[in-house]
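Novice: Once you've had a glance at the structure underneath, I'll fire off some questions.
The values are calculated or read from the model by the stated rules, or taken from the named source; none is laboratory data. Small disclaimer: the values here were computed from a predicted structure and weren't measured. Backbone-built Cβ (ideal geometry, glycine too); neighbour counts: all protein chains shown. Areas reflect the complete protein model, heavy atoms only, side chains present, ligands, DNA and RNA absent. Shrake-Rupley method; radii C 1.70, N 1.55, O 1.52, S 1.80 Å.
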Amino acid sequence: MERTSRQIEPSFGQTDGDEQQDAWTRRRLAVYAVVALFIVQFARGREWARLFLIVGLGVVGTASLLVEPVMWLFDGADFAAYFGALDGPGAVILVSRLVHLVAVVVGVAAMLTMRPRKAAGITE
């Protein structure tokens, strides 16, 4: 069977799967870089950075972490089937997601209640 150029090349506006993955990787690295900058500013005692991290990571990040499991619950979750089919990698993902969620809750609670730099009179 002979392939035409139309079958080989994607049409205008479409991207290859590798290109989409590359674009996603670039965006993800950019997001991590911005968050790292806010973390540095937070460590220097900047109130605006603390608020950004609370809202950005604490609220939006937690929501993104919970969307999939909540949708699964609303779709009629079958816990017996889920845990019966849970393999090693699935268990690692489940545990890491739970640990991540607990860490975010603890981190947000700490950012809301503790301000050691301000209490010590450190301003930069």
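Novice: Can we say Val108 is in contact (Cβ under 8 Å) with a residue 12 or more places away in the chain, within 20 Å of Phe42 (Cα to Cα), under 14 Å from the mean Cα position of the chain (by Cα) and surrounded by 10 or more Cβ atoms within 10 Å (Cβ to Cβ)?
Specialist: no
Novice: Just one of the numbered conditions (1) open to solvent by less than 70 Å² (accessible area, probe 1.4 Å); (2) at pLDDT 90 or above; (3) in contact with a helix residue (DSSP H, G or I) (Cβ under 8 Å, 6 or more places away or on another chain) is not true of Leu65; which one?
Specialist: Going through (1) open to solvent by less than 70 Å² (accessible area, probe 1.4 Å); (2) at pLDDT 90 or above; (3) in contact with a helix residue (DSSP H, G or I) (Cβ under 8 Å, 6 or more places away or on another chain) one by one, Leu65 breaks only (2).
Novice: Then there is this: Hey, among Arg3, Arg27, which residue is of a type outside the set (A, V, I, L, M, F, W, C), open to solvent by 100 Å² or more (accessible area, probe 1.4 Å), farther than 30 Å from Arg115 by Cα and modelled with pLDDT of 85 or more?
Specialist: Arg27
Novice: Filter the range 35-45 down to the residues that are open to solvent by less than 70 Å² (accessible area, probe 1.4 Å), more than 15 Å from Thr113 (Cα to Cα) and either touching a residue at least 12 places away in the same chain (Cβ under 8 Å) or in contact with a Gly (Cβ under 9 Å, 6 or more places away or on another chain) (or both) and list them by number.
Specialist: Val35, Phe38
Novice: Another question, if that's okay. Taking the options Phe52, Phe74, name whichever one is loosely packed, with under 10 Cβ neighbours inside 10 Å and modelled with pLDDT of 85 or more.
Specialist: Phe74
Novice: A follow-up question, please. Can you give me the number of residues within the range 86-105 that are free of Cβ contacts under 8 Å to residues at least 24 places away in the same chain, open to solvent by less than 80 Å² (accessible area, probe 1.4 Å), under 16 Å from Pro69 (Cβ atoms) and among the hydrophobic types (A, V, I, L, M, F, W, C)?
Specialist: Number satisfying all stated conditions: 3.
Novice: Name, by its number, the condition in (1) open to solvent by less than 80 Å² (accessible area, probe 1.4 Å); (2) hydroxyl-bearing (Ser, Thr, Tyr); (3) modelled with pLDDT of 85 or more that does not hold for Tyr32.
Specialist: Single failed check for Tyr32: (1).
Novice: Which of the residues spanning the range 47-65 are out of contact with any Leu (no Cβ under 9 Å at 6 or more places or on another chain) and free of Cβ contacts under 8 Å to residues at least 24 places away in the same chain?
Specialist: Glu47, Trp48, Leu51, Phe52, Val55, Gly56, Val59, Val60, Ala63, Ser64
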